[in-house]
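The values are calculated or read from the model by the stated rules, or taken from the named source; none is laboratory data. Because the structure is predicted, anything quoted here is derived from the model rather than measured. Here Cβ is always computed from backbone atoms with ideal geometry, including for glycine, and neighbour counts include all displayed protein chains.
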Amino acid sequence: MAHPIFPSIKDNEHSLRKRTKGQRFHINGPDQIRPSNFADALKNIYFKEALVDFIIDDWANDYMAPFIGSKTILVNYLQCYQYKVCKGKVQRTPELSLACPGHEEADTKIVFHVCHLTSDAHVTIRCSDTDILIIMLANMNSIQTDLQISMHVGTGNNQKFINVTKLSQSLGLDLCSALSAFHAMTGCDFNSAFYRKGKRKPFQILRKSPTYIKALCDISNLPNCNLDQLFATLEEYVCRLYAFTRVNDINVARVMTFTKSYGNNDDCNPLNLQKRIDGSLFPPCKAELQQHFLRTAYIAHLWSHAHRAMPTDLLPTEYGWEESEEKYYFKWFTGDQLPLSITSITNLDMNPHEDDETENDGVCDISIDNCDDDSDAKEDYS
């Protein structure tokens, strides 16, 4: 179970989902009438805390024995508790070795538990969350026992099982390690996405390039990595997402996108555009992309170390967030919002030389109209 940490790098997503610190709530017992709108109540962080506290205490009562049966149940919140039935009595004991208060999200706690299993087993993760699949794949090399891991996703007629162990073997260790940064960079609950780029095409480009795979693997090794060098490689990768095969500078790609879509031949009135400008078609500028990469590095570092009780000790304010009123907000860019002069953005080399093109293993065969809006990310990685 997740427990709230304030401030949180997920504050932006909480705001979009209208999750707030609402009215304080206390649950007295199992006979208490639940809120009439339970879905809205779950958006109240205080209610979720009270609900988890109630479950932890209530499951220790002996009348829960028939429900627990022969199973061993672990509930991980601020501490980890084990529930077992012995001679009709429920026994609740703390499992100190599995306590991981440094994990904010249930996603990483699930992976933490799997990585700390001490005997060979078949493990089924029941969820419908792409993040958990990505985090699990990124931590497969931290599993010490012979585990066969699968994910049970969907409901009703849409249920299916994903063989995570077989998928990791098919993708390979390097690509699995790169998935944390890839998923964070192309859009997740903690980070923004590239508009209308989805996951499928970026993954196809990534899969064909060992250079990009290595960069996304290395970026999670904070603080022991050369971020400037990695950012240059990933800037090139983003240019490929926007179908620029010979341009490695994202600001040049922005100008070329504008020129292709809105440029006119009227030298006397160059700003006389024939159609409205759609800013969503443009790649992000370099200042924005750098902050995006910093957030990507932090998230990838957090997910790649989900097997640890304390996955990270880094400060989000040093990696693309800023704190205000006990919340983290995206730090979109540094420096001036507008250029100092027109010439500073127009005097760019718009005709890169032929030898500027880097070797990309055939990844440049995509069109400018790429608009994949893939929602089923689990299919994208298969």
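Checking residue 76 against (1) surrounded by 17 or more Cβ atoms within 10 Å (Cβ to Cβ); (2) over 25 Å from residue 131 (Cα atoms), which single condition isn't satisfied?
Status for residue 76: all satisfied but (2).
For residue 141, are the conditions met, namely being of a type outside the set (Phe, Trp, Tyr), over 12 Å from the mean Cα position of the chain (by Cα) and over 21 Å from residue 216 (Cβ atoms)?
no
Within the range 302-339, how many residues turn out to be in contact with a helix residue (DSSP H, G or I) (Cβ under 8 Å, 6 or more places away or on another chain) and within 26 Å of residue 140 (Cβ to Cβ)?
11
Residues in the range 169-183: is at least one part of a loop (DSSP other than H, G, I, E, B) and not polar (S, T, N, Q)? Even if it seems obvious, please write down each step before you answer.
Applying the first criterion (part of a loop (DSSP other than H, G, I, E, B)) to the range 169-183 yields 172.
Subsequent filtering for residues that are not polar (S, T, N, Q) retains 172.
Yes, because at least one residue in the range 169-183 is part of a loop (DSSP other than H, G, I, E, B) and not polar (S, T, N, Q).
With the structure loaded, tell me whether residue 177 is surrounded by fewer than 21 Cβ atoms within 10 Å (Cβ to Cβ) and either modelled with pLDDT under 95 or among the small types (Gly, Ala, Ser) (or both) or whether it fails that test.
So residue 177 does not fit the description; no.
Output the number of the condition that residue 136 fails; it satisfies all remaining conditions of (1) out of contact with any helix residue (DSSP H, G or I) (no Cβ under 6 Å at 6 or more places or on another chain); (2) in a helix (DSSP H, G or I).
(1)
Scanning for something assigned to a loop (DSSP other than H, G, I, E, B), at pLDDT 95 or above and more than 22 Å from residue 193 (Cα to Cα), does the range 291-306 turn up at least one residue? Spell out the reasoning first.
Here is the first cut: in the range 291-306, the residues assigned to a loop (DSSP other than H, G, I, E, B) are 305-306.
Those still in the list that are at pLDDT 95 or above too: 305-306.
Within this subset, residues satisfying the condition of being more than 22 Å from residue 193 (Cα to Cα) are 305-306.
Yes, there is a match, as at least one residue in the range 291-306 is assigned to a loop (DSSP other than H, G, I, E, B), at pLDDT 95 or above and more than 22 Å from residue 193 (Cα to Cα).
Taking the range 17-49, which residues are closer than 30 Å to residue 190 by Cα and either among the acidic types (Asp, Glu) or modelled with pLDDT of 90 or more (or both)? Please lay out each step first, then the result.
Going through the range 17-49, the residues closer than 30 Å to residue 190 by Cα turn out to be 17-26, 35, 37-49.
Result: 40, 49.
Only one of 105, 95 is surrounded by 16 or more Cβ atoms within 10 Å (Cβ to Cβ) and within 33 Å of the chain's Cα centre (by Cα). Can you tell me which?
Working: 95 fails: surrounded by 16 or more Cβ atoms within 10 Å (Cβ to Cβ).
After applying the criteria, what remains is 105.
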